[in-house]
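These notes are about the structure you will find just below.
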Amino acid sequence: MLKAIMVSHSSQFKLMGLSADDSFADNPAYTVELALNNLQQTDDPGARYYSAWWIGRFRVDDPVAIDALMMALEDESDRSPDGGYPLRRNAAKALGKLGDRRVVPGLLKALECPDYYVRESAAQALEMLGDSRAIESLVKLLDGGVEAAQQVTGKPHLVQPYEAILEALGTLNATEASGLIEPFLEHFIPKVKYAAARAMYQLTGNDCYGQRLVLALQEKDLQVRRSALMDMGAIGYLNGAEAIANTLAENSLKLIALKGILESHVGQQSVNSGLSEDSIRVMKLMDGLL
């Protein structure tokens, strides 16, 4: 039974040496109907937790799924030992993937949740939905600026999910927030300052911010290099293509980043213009990684 397997949600997957994706995602016995039923019931928190993830994973764009996820976004019963809301986290992530902007008010409310990871998931979901109504609430989370962006005592995170907030503001083209975002370029956490660089490049187009991401590819921490790769792909930073290809990181991630750059560049060309020299250059870099 799913309930027996999912004793403690994602932590149980780790104990098994698996991710949720590894363990159940391709199980043909797990259907949309079963996922919806599990999400709507309240007796088995583990089944609800998994079904919320599964619905997002497979983009189950169904009105029943969206309504059930919105209910899950306000769930009070599924609590982690530290007081967090695991089901809410998965519900927020799934709602971002389903593309229905009617859920924006619920996600804005989730930005006020005491659970850091719910706020992070909500910010990421709002970025995916691309609705400018989120800008004001996201900006509010930057209150206090860099000085307030400190580590929470006894926790592995800052007071707010700044990386997700900054990335969302950049994607949402929140030009009015650039003055609040720019100081985060000097934050002591690399991923936060590079998220600020990504956002500032999106908001201004100034190459100096893209070059900050190129410098991030030289960081000693592999996780930071990986994050910078994804950032450069997400913003289509063409001037960083060669640096991406030469980064000490997995070729698979470099290919994803270069693909993002290529798609962004091609999308800016006229339909009948053919492949530009820059497009061909990026494609050659990709070929060299295969």
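Where a number appears in this text, it was derived from the coordinates with a stated rule and is not lab data. Treat the numbers as computed from the prediction; the structure is a model and nothing was measured. Don't worry about glycine lacking a Cβ; one is built from the backbone with ideal geometry, like all the others, and counts go over all protein chains shown.
Going from the residue with the fewest nearby Cβ atoms within 10 Å to the one with the most, Tyr201, Tyr117, Tyr49 rank Tyr117, Tyr201, Tyr49. Helix-only arithmetic for the chain: the sum of -39500 (n - 2.57) across DSSP H runs with n ≥ 4, divided by the residue total, places the mean residue ellipticity at 222 nm at -17500 deg cm²/dmol.
For Gln268 and Gln41, a Förster radius of 41 Å and the Cβ-Cβ distance give a FRET efficiency of 0.30, rounded to the nearest 0.05. Could you work out, for region 238-290, what percent of all Cα-Cα pairs fall into each 10 Å distance bin, beginning at 0 Å and stopping at the bin that holds the largest distance? Histogramming region 238-290 at 10 Å steps yields 26, 55, 17, 2 percent. Residues Thr171, Thr204, Thr153, ranked from the fewest to the most other C-beta atoms within 10 Å, line up as Thr153, Thr204, Thr171. Binning all Cα-Cα separations of region 166-290 at 10 Å, short to long from zero, yields these whole-percent fractions: 14, 45, 31, 9, 1.
Assign unit charges at the C-beta atoms only (+1 for Lys and Arg, -1 for Asp and Glu), then state the dipole size of region 158-234 relative to its Cα centre in Debye, rounded to the nearest 20.
For this selection, approximately 260 debye.
Each residue of the chain gets 159 Å³ once the volume of the Cα convex hull is shared out per residue.
When region 126-183 is described by a simple charge dipole with +1 on each Lys and Arg Cβ and -1 on each Asp and Glu Cβ, the residue from Gly170, Leu141, Leu158 located farthest towards its positive end is Leu158. Pairs over the 32 Å Cα-Cα cut-off, from the set Lys191/Lys259; Lys140/Lys284; Lys109/Lys254: Lys140/Lys284; Lys109/Lys254.
Computed about the Cα centre, the dipole magnitude for region 147-290 is approximately 340 debye when only Lys and Arg (+1) and Asp and Glu (-1) carry charge, each at its Cβ. The P(r) of region 103-153 has a tail past 14 Å containing 52 percent of all C-alpha pairs. The residues Glu182, Glu277, Glu136, when put in order of fewest to most other Cβ atoms within 10 Å, stand as Glu277, Glu136, Glu182.
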